[in-house]
1. How many nm separate the modelled label positions at Ser40 and Val27, each set 7 Å beyond the Cα in the direction of the Cβ?
2. For the chain, take the alpha-carbon Rg, divide it by the Kirkwood Rh, and send me Rg/Rh.
3. Charges only on Cβ, +1 for Lys and Arg, -1 for Asp and Glu: so what's the dipole of segment 11-69 about the Cα centre, in debye to the nearest 20?
4. What is the distance, in nm, between label points placed 7 Å from the Cα along the Cα-to-Cβ direction at Ser9 and at Arg48?
5. Per DSSP H run of n ≥ 4, the term is -39500 (n - 2.57); total these for the chain, divide by its residue number, and report the mean residue ellipticity at 222 nm rounded to 500 deg cm²/dmol.
6. Put a dot 7 Å past each Cα toward the Cβ at Lys16 and Trp62; how far apart are the dots in nm?
7. Using the alpha-carbon centroid of each, what span in Å lies between segment 43-69 and segment 9-30?
Amino acid sequence: MQQLLLNISDPSQLDKILNLLGSMKNVEVEPYNEGNIIVSEQEKKIIRNRVNNANPEDFNNWDDFIKTIEV
């Protein structure tokens, strides 16, 4: 099984695209939510390694970060 994430820039086209995909054989359209995200064991290992080896200086204060991107 292969999974695909689509970014649709024109929301008015969403229904058309979902109908097209839903009409295809062997294609199942599922809503994107936390419960259906599949993370491989290899990816989990990489993430755990990064968390375990992180240093405090590698992190930024969230409030300071938000101020840098606010328009």
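We did not get these values from a lab; they are worked out from the coordinates using the rules stated. In this text, all values refer to a predicted model and were calculated from it rather than measured experimentally. With ideal geometry, Cβ positions are generated from the backbone for all residues, glycine too; neighbour counts draw on all protein chains shown.
1. So the label points at Ser40 and Val27 sit 2.4 nm apart.
2. That ratio is 1.14, to two decimals.
3. Numbers: 7 positive and 10 negative charges, 46 e Å.
With Lys and Arg at +1 and Asp and Glu at -1, about 220 debye.
4. It is 4.0 nm.
5. -12000 deg cm²/dmol
6. My value for the distance between the label points is 4.0 nm.
7. 35 Å
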